[in-house]
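Scroll down for the structure; my scribbles are underneath it.
The values are calculated or read from the model by the stated rules, or taken from the named source; none is laboratory data. Because the structure is a prediction, the values reported are computed rather than measured. All Cβ positions, even for glycine, are placed from backbone atoms using ideal geometry, and neighbour counts span all protein chains on display.
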Amino acid sequence: MTYPNRVTAGGGKYRHDDDQETPDTMMVTYDFPGGKTITWEGLSWSPLGPQDTGFGVSFHGTEGSIIVRDAGYVLYDMKNKEIDKKSAGAGDKDHLANFLDCIRTGSRPNADIEEGHRSTLLCHLGNIAYRTESVLKLDPANGRILDNADAQKLWGREYEKNWEPKV
């Protein structure tokens with residue numbers, strides 16, 4: 001899957017009374033061509049996470065589930081039987097080593113910019129759908145917002161004079 005063709009979001013600020021613009025409770029649904037869907041739920045105020053063991057992320061599919069925490073994961077089949085478990089190093093040291101290795105070898109990094117763009121775009125699209133209180137229709141070829149002027153205003157940003165990025 002690359003880009004969704006529809007994004008919806010709901011939630012609000014139900015727990016924290018502060019000046020953050022991001023909701024503390026939020027659910028986003030990403031629909032992709034071919035009948036694939038991803039749902040994301042964020043509860044920034046809750047210490048309970050996947051399998052009630054703290055903060056993390058879980059992915060659920062037709063063949064099983066995976067729970068990712070820190071630098072490791074646990075893979076389960078559809079009967080909640082643990083199939084695989086891994087942990088690895090994490091942090092700046094490993095990322096920097098991978099980056100330098102890619103410079104030496106010309107290979108693609110673990111955190112490739114193209115993959116990073118697609119995953120980060122999902123976060124932005126969820127926030128745009130939430131902030132505009134609208135269902136976003138997207139071009140699945142490039143992830144661009146279609147037919148929604150309010151949402152399209154949030155696609156980019158205005159820079160102060162002389163501070164625009166030059167490429």
Between a first residue in region 148-167 that is modelled with pLDDT under 90 and a second residue that is surrounded by 12 or more Cβ atoms within 10 Å (Cβ to Cβ) and not hydrophobic (A, V, I, L, M, F, W, C), which pairs have beta carbons less than 9 Å apart while being 6 or more apart in sequence or on different chains?
-> TRP155/HIS124; TRP155/ARG144
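Kindly indicate whether GLY56 is under 30 Å from ILE145 (Cα atoms) and surrounded by 13 or more Cβ atoms within 10 Å (Cβ to Cβ).
Working: under 30 Å from ILE145 (Cα atoms): yes; surrounded by 13 or more Cβ atoms within 10 Å (Cβ to Cβ): yes.
Yes, satisfied.
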Of the residues in region 22-39, those that are touching a residue at least 60 places away in the same chain (Cβ under 8 Å) and in a loop (DSSP other than H, G, I, E, B) come to THR22, PRO23, PRO33
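Residue-wise test of (1) among the polar types (S, T, N, Q); (2) touching a Pro at 6+ places or on another chain (Cβ under 7 Å); (3) within 30 Å of GLU21 (Cβ to Cβ); (4) surrounded by 11 or more Cβ atoms within 10 Å (Cβ to Cβ).
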residue	(1), (2), (3), (4)
ILE66	no, no, no, yes
LYS79	no, no, no, no
ASP94	no, no, no, yes
LEU146	no, no, yes, yes
ALA149	no, no, yes, no
GLN152	yes, no, yes, yes
GLU158	no, no, yes, no
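Return the residues of region 131-148 that are part of a helix (DSSP H, G or I) and within 11 Å of VAL7 (Cβ to Cβ); say none if nothing qualifies. Step through it out loud before you land on a result.
Within region 131-148, the subset part of a helix (DSSP H, G or I) is 131-132.
Once the filter is applied, which keeps residues that are part of a helix (DSSP H, G or I) and within 11 Å of VAL7 (Cβ to Cβ), region 131-148 yields only THR132.
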Restricting attention to region 4-21, report how many residues are under 13 Å from GLY126 (Cβ atoms) and either of a type outside the set (Lys, Arg) or without any contact (Cβ under 8 Å) to a residue 60 or more places away in the chain (or both).
-> 6
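If you check ARG108, ARG118, ARG104, which single one turns out to be surrounded by fewer than 10 Cβ atoms within 10 Å (Cβ to Cβ) and not in a strand (DSSP E or B)?
Details: ARG108 fails: surrounded by fewer than 10 Cβ atoms within 10 Å (Cβ to Cβ); ARG118 fails: surrounded by fewer than 10 Cβ atoms within 10 Å (Cβ to Cβ).
Exactly one residue qualifies, and that residue is ARG104.
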Restricting attention to region 141-155, report how many residues are out of contact with any helix residue (DSSP H, G or I) (no Cβ under 8 Å at 6 or more places or on another chain) and under 17 Å from GLY126 (Cβ atoms).
-> 4
If you scan region 14-34, which residues turn out to be over 12 Å from SER44 (Cα atoms) and modelled with pLDDT of 90 or more?
-> VAL28, THR29, TYR30, ASP31, PHE32, PRO33, GLY34
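Would it be correct to say that TRP45 is part of a loop (DSSP other than H, G, I, E, B) and either modelled with pLDDT under 80 or closer than 24 Å to HIS124 by Cβ (or both)?
Working: part of a loop (DSSP other than H, G, I, E, B): yes; either modelled with pLDDT under 80 or closer than 24 Å to HIS124 by Cβ (or both): yes.
Judged against the criteria, TRP45 is a match.
From ILE128, ILE83, which residue is in a helix (DSSP H, G or I) and closer than 28 Å to HIS60 by Cβ?
None of the other options fit; the residue is ILE128.
Please tell me if GLY116 is at positive phi and free of Cβ contacts under 8 Å to residues at least 60 places away in the same chain.
Considered against the rule, which asks whether it is at positive phi and free of Cβ contacts under 8 Å to residues at least 60 places away in the same chain, GLY116 comes out as no.
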